[in-house]
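Quick notes on the structure that follows.
The values are calculated or read from the model by the stated rules, or taken from the named source; none is laboratory data. None of these values were measured; they are calculated from a predicted model. Every residue, glycine as well, gets a Cβ built from its backbone with ideal geometry; the counts of neighbours run over all protein chains shown.
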Amino acid sequence: MLLPEELVHDIFSYLAYHSKPRMQCELPELQFECNTTDILSLSLVNRRLRRIGLPFLFASLRIKGLTDVKKLKDQGPLFFKYTKMLILRMLSLLDEEGMEILLQSIPHLKRLTCVDARCTMSIALLNALHEHPNVSTIHVQKLPKGSVQFDLSKVVLKQSELADPRRCWLAPSGMKVSQLIIRQPELLTDEFGLQTFNGLCELDLSMRRFPVIVSWLPEFTAAHPNLKKIRFIYGRKDFFTYHTLPFISSFVEEAGSRKLADAYYITRFFITRPDICSTSAQEWRVTGLTIIIRSSLIEILSLIYSSFPSIQTLTFEFEGRPARGLYHIDDIIAILCLFSSLEILGLHCLFKPLHFGCRKPWRAPQLETPSAADIAEAGILWYTSRIAQRIPSLQAFEIHEEAYYDEANCCSGRWFVKGWLNVQNALSGGREVVGILKKT
């Protein structure tokens, strides 16, 4: 049965265009990314889907340096007709001619409604975007000098800090702020719940050594309907065990009852609420967690799943120098595939404690003398591909592996393999992991 054309149009629109950042996505680069691979796959099904879908390939335009500006100039009519989202990166690489091409092109992007500028902008470019009649939102990393005297009602500042939460925060010229970082959350009182931050979507509480109260939270969240994510961050050991917050108290208590209290510690977690929800604090759920593993990985992962079934971002790291070959990869995958909502998976120092049966099931790099980092990279690509096949919701891996060249004596320097790997639907079917990891 053929789907109504309006519904097909909505499906393509969902894949192609994100007017708001996806709050569950910890990787900033993925917050506005369109799903080009899925659009192409659908467009190849038949002529009808191709007619509807191909224009959506141009709905999101990324400008990253002079090459993309020249592409915009050469293929202008297509972008002028279809582009709704403009993603700007590394504009400092543009020469005067490239910037002039970009400035002249903006008025011709008739359907443009949203801009994501994760780069330094000039006042001229900011004004050109602000004067565009259809642009409603301009996400900026940093305001150019002298811009506060202009109308900034369309501007959303991605991030701002509040050093002392006891002081009121005033936004210049109608500007909104997307993410607010509070450096001394132990100073928060019930009066903080009365403050308002226009456009606020994310709140970060950067913990220190002192306990934090959250009695202000219900009133504060009720006054900020766009607020969808709150992070609680503390990089050192055992803070959340001794100063347990209500959102993770059941997990901490259950870990203690299972004699797992010394097997882990949490360094950060975040809570989110659905787009349509009441103002009750009970609507908030833990959907992101970073946890350091000392032992009992399988048991800890099982407890995470039972405590936080809606988790979307999970990062786990082994503390210190774990023994080699502690956990079979199939046992870990069997637990991870239970996380049906998981989108971002961070794997830190996992390669060494894994074992893969009688032999390594991947091919070593075709190098005369592959380094430890080369061998680790090959293994990482193999097991992330296996994990991706079992978790349909997964979008990306965040990888960090490191070790001493001379592990026995902890000397001779360290090697690293780190970076992001994206997961996408392959044109041939199935799931594939793509990306380039940095090695040293």
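Odds and ends about this structure:
- Failed criterion for Trp216 (all others in (1) among the aromatic types (Phe, Trp, Tyr); (2) crowded, with 18+ Cβ neighbours inside 10 Å; (3) modelled with pLDDT of 90 or more hold): (2)
- Of all residues in region 68-85, exactly one satisfies the criterion of being touching a Lys or Arg at 6+ places or on another chain (Cβ under 8 Å) and in contact (Cβ under 8 Å) with a residue 40 or more places away in the chain, namely Lys84.
- Residue within region 156-170 that is buried (at least 19 other Cβ atoms within 10 Å of the Cβ), touching a Gly at 6+ places or on another chain (Cβ under 9 Å) and not aliphatic (A, V, I, L, M) present: no
- One residue stands out in region 268-289 among those that are hydroxyl-bearing (Ser, Thr, Tyr) and surrounded by fewer than 20 Cβ atoms within 10 Å (Cβ to Cβ): the one that is modelled with the lowest pLDDT, namely Ser278.
- Taken over region 143-175, the residue count meeting the criterion of being in contact with a Phe, Trp or Tyr (Cβ under 9 Å, 6 or more places away or on another chain) and either of a type in the set (Ser, Thr, Tyr) or at pLDDT 85 or above (or both) is 2.
- Members of region 187-205 that are touching a Phe, Trp or Tyr at 6+ places or on another chain (Cβ under 8 Å) and among the polar types (S, T, N, Q): Thr189, Gln195
- Index of the failed condition, Arg183 passing every other in (1) out of contact with any Asp or Glu (no Cβ under 7 Å at 6 or more places or on another chain); (2) surrounded by fewer than 20 Cβ atoms within 10 Å (Cβ to Cβ): (1)
- Filter result for Phe210 (loosely packed, with under 14 Cβ neighbours inside 10 Å, touching a His at 6+ places or on another chain (Cβ under 9 Å), part of a loop (DSSP other than H, G, I, E, B) and not acidic (Asp, Glu)): yes
- Residue-level check: of (1) modelled with pLDDT of 90 or more; (2) farther than 21 Å from Cys119 by Cβ, Tyr234 misses just (1).
- Residue that is nearest to the chain's Cα centre (by Cα) [pool: residues in region 292-328 that are in a helix (DSSP H, G or I) and not hydrophobic (A, V, I, L, M, F, W, C)]: Tyr305
- Note on region 75-91: residues that are modelled with pLDDT of 85 or more and either farther than 19 Å from Thr137 by Cβ or part of a helix (DSSP H, G or I) (or both) amount to 3.
- Residue-level analysis places Glu254 among those that are exposed (fewer than 15 other Cβ atoms within 10 Å of the Cβ), part of a helix (DSSP H, G or I) and among the acidic types (Asp, Glu).
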